[in-house]
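In what follows, a structure is listed as C-alpha cells, so that the remarks can point back to it.
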Amino acid sequence: MRVLVKGAGVAGLTAAFELAARGAVVTIAEIRHGLGGNASWMAGGMLAPWCERESAEQPVLDLGHDAADWWDAVLPGHVTRAGTLVLAMSRDAGELNRFASRTSGHRWIDEDEIALLEPDLAGRFRRGLFFPGEAHLDPRRAMAALHEKLAGSGVEFHFGADAQYMTGFDREIDCAGMASRDDRLRGVRGEMLILHAPDISLSRPVRLLHPRLPLYLAPRADHHFMAGATMIESLSTGQVTARSMMELLNAAYSVHPAFGEATIVETGVGVRPAFPDNLPRVESHGRTVAINGLYRHGFLLAPAMARWAAELVFDSDKPVELADETDGQRRSA
Ligand SMILES: Cc1cc2nc3c(=O)[nH]c(=O)nc-3n(C[C@H](O)[C@H](O)[C@H](O)COP(=O)(O)OP(=O)(O)OC[C@H]3O[C@@H](n4cnc5c(N)ncnc54)[C@H](O)[C@@H]3O)c2cc1C
C-alpha cells in the first residue's frame, strides 16, 4: 500500500514509522524546506502524563503513559527517565497542594530530597512534588533521528513539497497541524526561549507553579534549557513579546539566579493545534486519515495516535470496526 503522509511534525513522523512498520510504502511531503519551524520543533519534549493530567482529561494520561517506552524503543538513548520536579515559590505554596490534588503519580519531597535530586537547587525550595514515572527528550534531536531512521528504512521525504499536489497514493495521512482544513481547530500560541546557563545543571524538567503563569525549564545538552511556554489563544506566529520574555525569564530566575547570567540563544513561537475539548483525534474521511489536535501533548500522544492511524489504514476493509473507532473512544481520545 502506498501512503502519503502530509507534514513532518511529530504526528507525521510517528505515523510514518507505524505505517512503515506495518509494511506500507510511505512518502512524507513537508511544505517547509526542512524539519524545523513547526510546532513540534518548539516543544519542550516533556513526556509528562501525570503532570499534564492536572489540567487535562483522563485520556491524556491513558494514551500518554506508554509514550516514553515508545520513544525509547524507536530511538534508544533519546529518552531521559528522571521524572519531573514541580516547585513553587513560598508565596505560591498553595499551588502545590492544588496541583497535587488534581493528579496522581507523585510524592511530596522536602528540601533535602530536592537537593538530592537537583543539587543546584539546594536550599531554594522547602518542598515540592516529584513525579518519578515521567521522562523527557530533546524534540529536535528526536525528530532528526526519526527522520534519519525513516529515510534509512526507505521512507521517501519530499521537503518543500505541498502534499495537495502529490498524487498516486492509496491513502493519505493528514498531519498538517494548524494548516489542516478543519474549522474546529484553534491555535494556542506557545512562546519559548532556549537559554544557555553554564553555571547550572538540572537533570529533569522543573515546573514552577504560579497562579497565572505556570512555566517550566526543560534541560537540554551542554547546559542548554528550554524555558516555556506561554499559552495564548492566538494563531499568531509573530515574535515573542517583551511581556512573555519577561515572564519566562522571571520564572527561570526564580528557579535559580544563575539564569540571570544565561545567554538567550533562541526565542521561538509555536502554535499548538487544539480542538475545543483539547483532546486529539484520529479521524477517517474516505481515503484520508487525519491526526490532529495534539495541543500541548504532541510528543506525549503522537505514538498512540500514530498506532491508531496505522490500524485504521490497515483495517479499512472492516467498516464496522472503523465506525466503532471513529464514533467511539478513538475519535474522542
Ligand atoms: C512552546 C511549545 C511547547 C510544547 N511542549 C510540549 C511538550 O513538552 N510535550 C509535548 O508532548 N508536547 C508539547 N508541545 C505540543 C506539541 O509541540 C504539538 O502538539 C505538536 O507539535 C503538534 O504536532 P503536529 O505534527 O500535529 O503539528 P506540526 O508540528 O505543526 O507539524 C505539521 C506539519 O505539517 C506541515 N504542513 C502543513 N501543510 C502542509 C502541506 N500542504 N503539505 C505538506 N506539509 C504541510 C507543516 O509545515 C508542519 O511541519 C508544545 C508545543 C509548543 C508550541
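Taken together, the values in this text are just the output of simple stated rules run on the coordinates, not laboratory data. Not measured: the values here are computed from a predicted model. Every residue, glycine as well, gets a Cβ built from its backbone with ideal geometry; the counts of neighbours run over all protein chains shown.
Structural remarks
- Structure remark: mean-square fluctuation, Gaussian network model of the chain, C-alpha springs under 10 Å; the largest value among ARG296, ARG204, ARG124 belongs to ARG124.
- Positive contributions from Lys and Arg (+1) and negative ones from Asp and Glu (-1), summed over other residues with Cβ under 13 Å from the Cβ of LEU185, come out at -1.
- Net charge, GLN164 excluded, C-beta distance under 11 Å - Lys, Arg +1, Asp, Glu -1: -1
- Spacing of the two label points (7 Å from each Cα toward its C-beta) at ALA115 and ARG184, in nm: 5.2 nm
- Taking the C-alpha atoms only, the angle from helix 10-21 to the longest principal axis of the chain is near 50 degrees.
- Peptides 288-295, 259-266 ordered by average Cβ neighbours within 10 Å, highest first: 288-295, 259-266
- Over the chain, Cα pairs under 8 Å with separation of 6+ residues give a relative contact order of 25 percent.
- The Cβ shell under 15 Å around ARG32 holds other residues with a net charge of 0, Lys and Arg each +1, Asp and Glu each -1.
- Measure of compaction for the chain (Cα Rg per 2.2 N^0.38 Å): 0.99
- Against the chain, whose longest principal axis is taken from its Cα atoms, helix 242-255 shows a tilt of about 60°.
- Under the convention that each Lys and Arg Cβ holds +1 and each Asp and Glu Cβ holds -1, the size of the dipole of segment 108-199 around its Cα centre is about 280 debye.
- Ascending count of other beta-carbon atoms within 10 Å, so fewest first, for HIS65, HIS136: HIS65, HIS136
- Sequence of THR103, THR167 once ranked by neighbouring C-beta atoms within 10 Å, starting from the fewest: THR167, THR103
- A Cβ-based charge dipole, computed about the Cα centre of the chain with Lys and Arg at +1 and Asp and Glu at -1, lands at about 460 debye.
- When you restrict to C-alpha pairs under 8 Å that are six or more residues apart and normalise by the size of segment 90-193, the relative contact order lands at 17 percent.
- The antiparallel fraction among DSSP beta bridges confined to the chain stands at about 65%.
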